[in-house]
Structures are given as structure tokens and as C-alpha cells.
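Chemist: First the structure, then my questions, so here it is.
The values are calculated or read from the model by the stated rules, or taken from the named source; none is laboratory data. Note that the structure is a prediction, hence the values are computed from the model and not measured. Counting neighbours? That spans all protein chains shown, and the Cβs are built from the backbone with ideal geometry, glycine included. Surface accessibility is based on the protein's heavy atoms, side chains included, excluding ligands, DNA and RNA. Shrake-Rupley method; radii C 1.70, N 1.55, O 1.52, S 1.80 Å.
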Amino acid sequence: MKDLLAETAERATRYAAGIGNRKVAPGADDIARLESLGGALPENSCDPAEVLALLDDIGSPATVATTGGRYFGFVIGGVLPAALAANWLAGAWDQNACMRVMSPVAAKAEDLVREWTLDLLGLPASSAVGFVTCTTMANFSGLAAARSALLHRRGWNVEEDGLFGAPPIRVVVGQEVHVSLLKALSMVGLGRSRVITVPADGQGRMRADSLAPLDDHTLVCLQAGNVNTGAFDPAKEICSRARDAGAWVHVDGAFGLWAALSPLYAPLLDGVSLADSWAIDCHKWMNVPQDSGLVVVREPEHLRRALSAGNAAYLTQSAEREPWQYTPDSSRRARGIELWAAMRSLGRSGLREMIERNCRQAGLFADRLRAAGFEILNDVVLNQVLVSFGSPEETRRIVAAIQADGTCWCAGTQWQGHTAMRISVSSWATTDDDVERSVAAMIRIANAKQ
Ligand SMILES: Cc1ncc(COP(=O)(O)O)c(C=O)c1O
């Protein structure tokens, strides 16, 4: 075991050290070599060191360098050194975070991260927090709490009786709602098409003036940080109207909620803390390993009721927070440990600096590309930049060429009828030099004669 782990650490260290010198996306040859990971399951056992060597030799070249400084695809963070190291140690511990009695350290890390996150984001200190795999599951959990609360008030127990014959819930979303929120609505039985869709403005913000009157059986789904533009729905106006009407507001704040860490960007979130539930991603801008997200619910009883497993005699109940009462899963990885390490290592000022640096770097991308004659399609308010290189065909061709070049990696997108390339600056590892190298490659490729 000792030799195997030492060898693994050496291989992983080599991978991490070389991340800046390789193409961001693997080549076709690297992907083709994955065939050597094997066909049929071997009949006999072999040395674990052999398995590890095969995985590294074949697997490492076929990874996407998302932990390097020049990956700007989708919205994917890197991994902070303390979070990666904590992940290794926690891997050796292999704790089941389900119950406090199964892992006191996992439960304590969750207690601390819960407290720190609510403080950092300015959310109500008594809120419940569940440690889930991603924003999709955080949306699912928040919407399950919303569904439970809205129906409970009307005398309907959805956990026991399901939705058959239940009083209807009106669901309101913005026109630029993220697809994962619609998926979550479908999973909690509220339907992805059975929604009232409020028009959005040119940045993707829900138009509060187009929102119909609210009532106490309405669930309003807001967005804090549009995946294309980074824009925020006008939470203050909508949340205060919802409060007056007794409606529930859920906020999909996958990456945008972390803007609260900086006084420069916190005004974008004005009113968000008045909502009832929030979904937050940690593997994006908090730069912890995949897979990590948080659901926050203002009144803990609703999340607990929605995700309660019932009463099996062997499940522990205690006066302290029991992790399994706040997540859809029971047994699960102790992902709170990496979050604890990330927050403990950077501290409040380090976290703020990471967010502010990425936002500044997004502005740098926009300035350089605009100066080179390309159109920036969004107001760069956060860490997302949309650039057009001309016609849709031209833009698609250039995005593909940038991806193939390998200096950096960005994805294509559609934004309100325009074809664009999306640059998301979400990694602690991105330096200004990475931005300059990447933007130089983009401009060189875009200006090259076909
Ligand atoms: C606004 C928003 N919501 C939800 C998601 C889905 O996040 P996850 O992939 O962690 O489920 C994303 C991903 O980019 C997002 O930007």
C-alpha cells in the first residue's frame, strides 16, 4: 500500500506540474489509445501498481486540462492545492458522510462549511445546508423543499401522498432559465413545460415588469449568474413582491452567488438573500474537485421534510445536525472536507481575490478581443464573455480551430439568435499571462486566412 500510494503521488505530481505545457484538449491519438485500457474483464488479478501505471500512461494524456490556467469552457473551475490535497487524504479515509456517527470529521467539516458559506454569501445564518453533487441536484433539492412547503401550507402532504390530486403549484421561470433547473422541475414532478415563462432582456435578466401577480401557491425560479452572460435576475424587486404574496423564491446561483464575496460584485446580488432557497455550485468557482454543490433553504424544516428518509430503526437522530437529513442521497462521499480545506486555506480575502481576479481577467479578454475588431455580445459584468467572430459559420469555424490549436479551450454557444464563443474565467490557476497567451492565439487563429 505504502509504495503504491507513494508512486501514485509521484505520478499525480508529475501530471499537475506538466499541466501548463500540454495541449488543453487531448489529441485524437490520445483518445484512440484509450482502447488499451482493455476489452473484456481480466480473468485474474494483477498488481495494483500495474493498474495504476496503465491508468496514468493511457488515461492522463486523454484528460482535458481543466485544472490548468487556460481552460475556459462551460463553467468549470480548477482545483485549489489545499482542496486537491484534502481530497487525497479524504480518499484514504474513505468516510461515509451520511451520519455523524459514521464520520465525526465529515460532519464537523459540513458544520463549519455551512456556517462559513452562509456568512460569506450573506444568507440567513439559521438556514439548512445540504452537501450535494452539483447545481442540478441543489436545484432538485431546493425545489423539493419549495414543493413541500407550498403544499404543506395548503394541507397537502406531498411526501406521503405524492402529487396525485394535489392542489396545483404555479411555477414561474425566466426565458433564459438554465436547462438544469428545468430538469430539476421535471424530476420533482412539476414539469419542465408546465411553467410560466417571463421574457428576458438583452442580457438574459428576467423582466420584472412582465411578471404576473404572485400568490401563495407560486414558485418563482430566479437566476443569479446567467451561464452565457453572467447577468443576474432583478432579485430585489421580485423577492419583495414574492414575500408580500407568500410565494416561494428559489435562486439558481450556480456560480453567480459567489459574487457576494466581493464588494465590487455583491451589488449584482441585491435582494437575493430575501429568497427562500438557493442552489450553489462548488466545483465551479469555489475550485474544489468535482462533484460538489450546496443547497441552502431558509427554513430548515422544509428541506428536512422534503428529503426525509422516514424512520428506519438503525438511522440515528440527534440534537446535532445529521447530514443525511439534508440530501437526496444517504451514503455519500465526504465532499465537505475539500470545501473546508479550500475555505480554510484561502480565507475570506483569498476567496475574494480569486473572484475579483477572474472577473478582471474576463474584462481583459473582452478588451483585447474588442480592440482586435471582434464583437463582444454581452455586458461583461462578471466572469463570462461572449464573442462573435463574424457570421455563424465563421464563428463556428474559428471556435473549432481554437479548440484544435490547444493553447486554450472555449466552447461555442448560441445567444439570443447569435452564434458565439463563450469564455468563462473560473479557475484559481488562470494568470494574466494565461489570458494574454490565450487571447493572442484566438486573434491569430481568427485573423488567419482560411
Ligand atoms: C446557472 C447554472 N445553473 C445550473 C448549472 C448546472 O450545474 P451542474 O453541472 O453543476 O449541475 C449551471 C452550469 O453551468 C449553471 O451555469
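Chemist: Please pick out the residue among 53, 62 that is small (Gly, Ala, Ser), touching a Pro at 6+ places or on another chain (Cβ under 6 Å) and closer than 30 Å to residue 32 by Cα. It would help to see each step written out before you state the result.
Modeler: Details: 53 fails: touching a Pro at 6+ places or on another chain (Cβ under 6 Å).
Every option except 62 fails the conditions.
Chemist: Next question. Hey, among the residues in region 171-218 that are in a loop (DSSP other than H, G, I, E, B) and among the β-branched types (Val, Ile, Thr), which one's nearest to residue 381 (Cα to Cα)?
Modeler: Looking at the filtered set, the residue picked out is 177.
Chemist: For residue 229, all conditions in the list (1) more than 16 Å from the ligand (Cβ to nearest atom); (2) buried (at least 24 other Cβ atoms within 10 Å of the Cβ) hold save one; what is the number of the exception?
Modeler: Just one mismatch for residue 229, condition (1).
Chemist: Hey, another quick one. Of 279, 247, which residue is closer than 20 Å to residue 124 by Cβ, out of contact with any Gly (no Cβ under 7 Å at 6 or more places or on another chain) and at pLDDT 95 or above?
Modeler: Exactly one residue qualifies, and that residue is 247.
Chemist: Would you confirm whether any residue within region 73-88 is without any contact (Cβ under 8 Å) to a residue 60 or more places away in the chain, more than 16 Å from the ligand (Cβ to nearest atom) and surrounded by 13 or more Cβ atoms within 10 Å (Cβ to Cβ)? Explain how you work it out, then say what you get.
Modeler: Just the residues of region 73-88 that are without any contact (Cβ under 8 Å) to a residue 60 or more places away in the chain, to begin with: none.
For region 73-88, residues without any contact (Cβ under 8 Å) to a residue 60 or more places away in the chain, more than 16 Å from the ligand (Cβ to nearest atom) and surrounded by 13 or more Cβ atoms within 10 Å (Cβ to Cβ): absent.
Chemist: If you don't mind, there's one more thing I want to ask. Any residue in region 31-54 that is within 16 Å of the ligand (Cβ to nearest atom) and not aromatic (Phe, Trp, Tyr)? Spell out the reasoning first.
Modeler: Filtering region 31-54 for residues within 16 Å of the ligand (Cβ to nearest atom) gives none.
No, every residue in region 31-54 fails to be within 16 Å of the ligand (Cβ to nearest atom) and not aromatic (Phe, Trp, Tyr).
Chemist: Tally the residues that are in a loop (DSSP other than H, G, I, E, B) and either acidic (Asp, Glu) or in contact with a Phe, Trp or Tyr (Cβ under 9 Å, 6 or more places away or on another chain) (or both), restricting the search to region 252-264.
Modeler: Kept after step one, since they are in a loop (DSSP other than H, G, I, E, B), are these residues of region 252-264: 253-255, 262-264.
Within this subset, residues satisfying the condition of being either acidic (Asp, Glu) or in contact with a Phe, Trp or Tyr (Cβ under 9 Å, 6 or more places away or on another chain) (or both) are 253-255.
Going through region 252-264 one residue at a time, the tally reaches 3.
Chemist: Please name all residue pairs, on different chains or six or more residues apart, with Cβ atoms under 6 Å, provided the first residue is in region 210-223 and is free of Cβ contacts under 8 Å to residues at least 24 places away in the same chain and the second residue is surrounded by fewer than 21 Cβ atoms within 10 Å (Cβ to Cβ).
Modeler: What qualifies is 210/199.
Chemist: Separate question: Can you name every one of the strands (runs of 3 or more DSSP E) wholly within region 339-450 that holds 3 or more residues which are open to solvent by 20 Å² or more (accessible area, probe 1.4 Å) and within 30 Å of residue 28 (Cα to Cα)?
Modeler: It comes to 411-415.
Chemist: Moving on to the next point. With 148, 36, 127, 141 as the choices, which residue is among the small types (Gly, Ala, Ser) and free of Cβ contacts under 8 Å to residues at least 24 places away in the same chain?
Modeler: Of 148, 36, 127, 141, the one residue that is among the small types (Gly, Ala, Ser) and free of Cβ contacts under 8 Å to residues at least 24 places away in the same chain is 36.
Listed here are the residues, each with its yes/no results for (1) open to solvent by less than 10 Å² (accessible area, probe 1.4 Å); (2) over 23 Å from the mean Cα position of the chain (by Cα); (3) within 25 Å of residue 153 (Cα to Cα).
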{"position": "199", "(1), (2), (3)": "no, yes, no"}
{"position": "203", "(1), (2), (3)": "no, no, no"}
{"position": "220", "(1), (2), (3)": "yes, no, yes"}
{"position": "235", "(1), (2), (3)": "yes, no, yes"}
{"position": "240", "(1), (2), (3)": "no, yes, yes"}
{"position": "251", "(1), (2), (3)": "yes, no, yes"}
{"position": "261", "(1), (2), (3)": "no, no, no"}
{"position": "264", "(1), (2), (3)": "no, no, no"}
{"position": "274", "(1), (2), (3)": "no, no, yes"}
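Chemist: Quick one: which of 105, 101, 113, 132 is within 16 Å of the ligand (Cβ to nearest atom) and either surrounded by fewer than 17 Cβ atoms within 10 Å (Cβ to Cβ) or under 15 Å from residue 335 (Cβ atoms) (or both)?
Modeler: Of 105, 101, 113, 132, the one residue that is within 16 Å of the ligand (Cβ to nearest atom) and either surrounded by fewer than 17 Cβ atoms within 10 Å (Cβ to Cβ) or under 15 Å from residue 335 (Cβ atoms) (or both) is 132.
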